[in-house]
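Let me begin by presenting the structure, written as C-alpha cells, before commenting on it.
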Amino acid sequence: MSTARRLFVLSRGLLLATLLCGPTQAAAQERVRDLVLNGGFSVEAYRGNLAAASVSVADTTDRAAAAIGELGARGTVMLFEEERRWAFLSFDGGLRQFAAGGFTVRDYAPREWAGQTAVSYSQLLGSWAAATGRLGWRGRAVDDRPPMPLFLQPGFGIATASARLELSEIDRVSFDLAADAEWADYTAQPLVAPLDLLDRTSQGVEVGAAWGEGTTFRVFAAARRSEYPHQQTSEPSDPTRRDGTVQAGFSWSMEAPITAQLGFEGTVNRSNSRRPEYDALSVRSVVSVPLPFDVGATVLGVLTAKSYVNDNEFKVLVPGEEADNASVLYLDLSRAIAAGMDGSLRVGWTRAEADVGDAYFQRFGVSMLLRYRPGSL
Amino acid sequence: VSVRPTAWLTRWLGAAWVALALPLASPAAGQQPQDQVVNLQLAYNAARSQYQAALDAWRVVEKQWTDAVEDHEAGRRAGDQDRENTALVRALDKSRELDLSERRVAELRGTLDRARTGLLGALDLRMEQVDGQLAAARTPIDRNRLAALLRDLQNQQDEVDAARDEPAVKLQLVYYPSIQFDVRDTPETMVGKAQLLRAKAGRADSYIAQIDGEIDRLEKQLRFRRNAQSLAAEVERFGDAQAPLGAPSRRVAPGDASARPDSTGVARPQETPEQRLEELRLLRVQMQEAKRQFLERAATFEERVRRIG
C-alpha cells in the first residue's frame, strides 16, 4: 500500500470514528465503548553503536537524534451484548513520522505504521464458567528504516487466535485457563533477506488463579512452544529451530485510592539451537497518582535482567520478541485542558537489546501529547 | 356534544389514516368498514392491556428500587459498610431496570394513543356511513336497526374517548405511590403525609450528596486508570520498548470483558467504570425526580389542609 493511500485510509478512519462518536450520536456512543485519539510531538536521542542483522544499512555514528510527530487512535466497539453472550471489537493504530539526523552517511526520514485489531466473543457456560474466543491481527510497516542506534522494529504481520475459560469463584478464588496460537510473518525486503528468519509459529497454554476485590492478586504459569521454519540448527537430524518457554509469576493491582499495578515474571527459554537459550526476570509497574493543580502523574517502569545459558560471540535475536529484555521508564504528567481533552508531558528512557544479543541501545525522549475522547466517552 | 378542537383534529387525522389505509392494506381491501372497527377495537384492547401490564411491571421495579434505596440508607445509619455497598449495587441495577421500564411504558403509551386515534377515526367513518344509510332507509325496520347501530357506535366512541382520561391509562409514573391523597384523610393525616414526604425529600438530598461523592470518586479513579492505560498503550503501540508483558493470553486486551453476577445473581459482562458512572448519573436523575415529586405532593397536602382550615 502506498504511503498516500495509508494516510488516506487512516484519516478516513479517524474521521469516521469522530463522526461515530460525535456528541449528537447517542446510539454510536452506546456502541463505541472507548475511543481515544491522540497526537503529539517528541524529541529523542539515541546512544549505542551496534550491529543490526535486520537493517540493510550501517553507520559509524553512535549518537543520533530525531524529531517525531505522531497520530494515533484506539478504541473498543460493542458488536452485540446480551445477557449471556457479548462480542467486542478493539483496535489500536497509529502513524509516526521521524526526521532523524546525526548519522555519518545521510539523514533519514523513517515513517512507521502500526496497528492491531481483535474481535472477541464471550459466552457464559451455565453458572460455572465464561468462555472467550478471540481473533486478532497486529502489523507494522516502516519506510526508510534507519541504521543503529535508532532502532525501529522491522515490519511484520502477526495473526493470533486464543480461547480462554474463566471458572466461577471457588472460595473467592477464580481460576482461568487459556490457550493461544500465533503466526508471525516478517516483511523481508530485497536487501534484508534475514528478516524471513524471524517468521515463526507458536502455541501456548496458561493457567492462573486470581482473588481479591478492589485489590486483586493473580498467579500464573504458562508454557509456550515456538517454531522458526526458516532458521536452521546445526543438527542434521533436527534441522528446524524450536523453542520451549516456561513462564511463571504474579501480578497485583489496585484501583483506589490510586491506580497501581505490579507484575513479576520469570522466563526460562530452551531451544534445540544453543544460541537463543536464556533465563530472564522481569518486573513491571504502573502507578497513577494525583498531584496538585489537577495534574495526574503516571509512571511506567519495566526492569529486566537476562542471562544467556551459552556463551556465543554472535547472537542474532528476534527483535523485540525473543529479546524481551527491555528496561523502560516513563513519567507522564497529564491534565485536562478542555472537555474530553487531556494534555500530557512525557519523559522516557529505554534500554533495550537490539537484534544482536547482549548489545544494548538507549533512547531518551521528551514528548508533548494531546489526547481527545470524542463525546466525553 | 361539545368536542375539543384537538380531539376533532385527532379524529379527522384518524379518519384520514383509516380512509388511506383501507384501500392500501391488501387483506382489508375487501373488508367492510365494520370489520375495520372490530379489528381496530381489538388492536386498541391489546394495546391497552400491554400498557397496563407495562405499568404494573414498572410499579414492581419501582418498589424494588425504593427498597434498595431505603436499605442503603438503613445500612448507612447502622454503619454497616457491606450492607450499604450491596444496597447501592442493587439500587444501581434497579435504576437501570427502572429506566428501561419507564421507556417501555412511554413506548406502549405511544402505541396505545395511536391505536385509540385509529379506532376513533374508524368509528367516525363508520358512523358517517351508517348515517347515510339511515337517511336512505326506506322501511321503519331498517331505520330502527340503523338508528340502534348508530347509538351503539356513538356509545363505543364515547367510551374510548372517556378512557383517555381514566386513571389506569392516564396514571403518571409516581415514586412512593403508597403516599397518595385518600378521600378519608383527616387534616392530621394529611399533615403527617406531608411531613413524611418532606422527610423523604430530605433523605433524597442526603442520598444525592452520597451519589455525587461516589461519582466524584469514580471520575478520579477513571482518570488515573485512563492515564495508566494511555501511557501503556501509546508506549507499546510502536513497540519501542516491547515491555515484557508476558504471553499474549495474559494481556487483558481492550474489549475482553469478564463476567460478573448482578444483584439477581445473573452473570453479565463485567461492568466498566464508565458504565457504573452512567448508572450513578441515572440514579441521581431518578432521585432528583423523586425528590421533586415528594416536595410537590407535600405542598399539595399542605394546601388541602390550609383550604380545610
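Would you mind putting B:213-222, A:257-266 in packing order, based on average other-beta-carbon counts within 10 Å, highest first?
A:257-266, B:213-222
I need the calculated FRET efficiency for the pair residue A:163 and residue A:107, taking r as the beta carbon distance and R₀ as 56 Å, to the nearest 0.05.
Efficiency at R0 = 56 Å is approximately 0.75.
What relative contact order, as a whole-number percentage, does the range A:242-317 give when Cα pairs under 8 Å and 6 or more residues apart are counted?
Once normalised by length, the contact order is 26 percent.
Rounded to the nearest 100 Å², what is the buried accessible area between A and B, both sides summed, probe 1.4 Å?
4900
If you place +1 on the Cβ of every Lys and Arg and -1 on the Cβ of every Asp and Glu, how big does the dipole about the Cα centre of the range A:205-354 come out, in debye to the nearest 20?
100
Between residue B:151 and residue A:67, what FRET efficiency comes out of the Förster formula 1/(1 + (r/R0)^6) with R0 = 60 Å and r the beta carbon distance, rounded to 0.05? Write down the numbers at each step before the final one.
Values: r = 91 Å, r/R0 = 1.51.
So, using R0 = 60 Å, E works out to roughly 0.10.
Exactly which GluC sites (Glu not before Pro) in the range A:136-215 are in a DSSP loop and have at most 13 other Cβ atoms within 10 Å?
Passing sites in the range A:136-215 are A:169, A:213.
When the Cα centres of the range B:281-309 and the range A:64-91 are compared, how far apart do they sit, in Å?
46
Given R₀ = 60 Å, FRET efficiency for residue A:307-residue A:123 by Cβ-Cβ distance, to 0.05?
Working: r = 43 Å, r/R0 = 0.72.
Here the calculated transfer efficiency is 0.90.
What's the center-to-center distance, using Cα atoms, between the range A:193-215 and the range B:113-158 in Å?
Spelled out, the Cα-based centre of one part sits 78 Å from the other.
Given 37 °C and 0.692 mPa s, compute D for the range A:52-175 with the Stokes-Einstein relation, Rh being the Kirkwood radius over Cα pairs; round to the nearest whole µm²/s. Don't skip to the end; give the middle numbers.
Details: Rh = 17.8 Å.
It comes out at roughly 185 µm²/s.
Once label points are set 7 Å from the Cα along Cα→Cβ at both residue B:60 and residue B:38, what is their separation, rounded to one decimal in nm?
Inter-label distance under the simple model: 3.4 nm.
Using a ≥ b ≥ c from the Cα gyration tensor of the range B:25-125 (square roots of the eigenvalues), is it rounded, prolate or oblate, where a/c under 1.5 gives rounded and otherwise the larger of a/b and b/c decides, a/b for prolate?
Judged from the Cα gyration tensor, the range B:25-125 comes out prolate (a/c at least 1.5, a/b above b/c).
The values are calculated or read from the model by the stated rules, or taken from the named source; none is laboratory data. All figures in this text were calculated on a predicted structure; none of them were measured in a lab. Positions of Cβ are generated from backbone atoms using ideal geometry, with glycine treated the same way; all protein chains shown enter the neighbour counts. Protein only, heavy atoms only, side chains kept; ligands, DNA and RNA dropped before computing areas. Shrake-Rupley method; radii C 1.70, N 1.55, O 1.52, S 1.80 Å.
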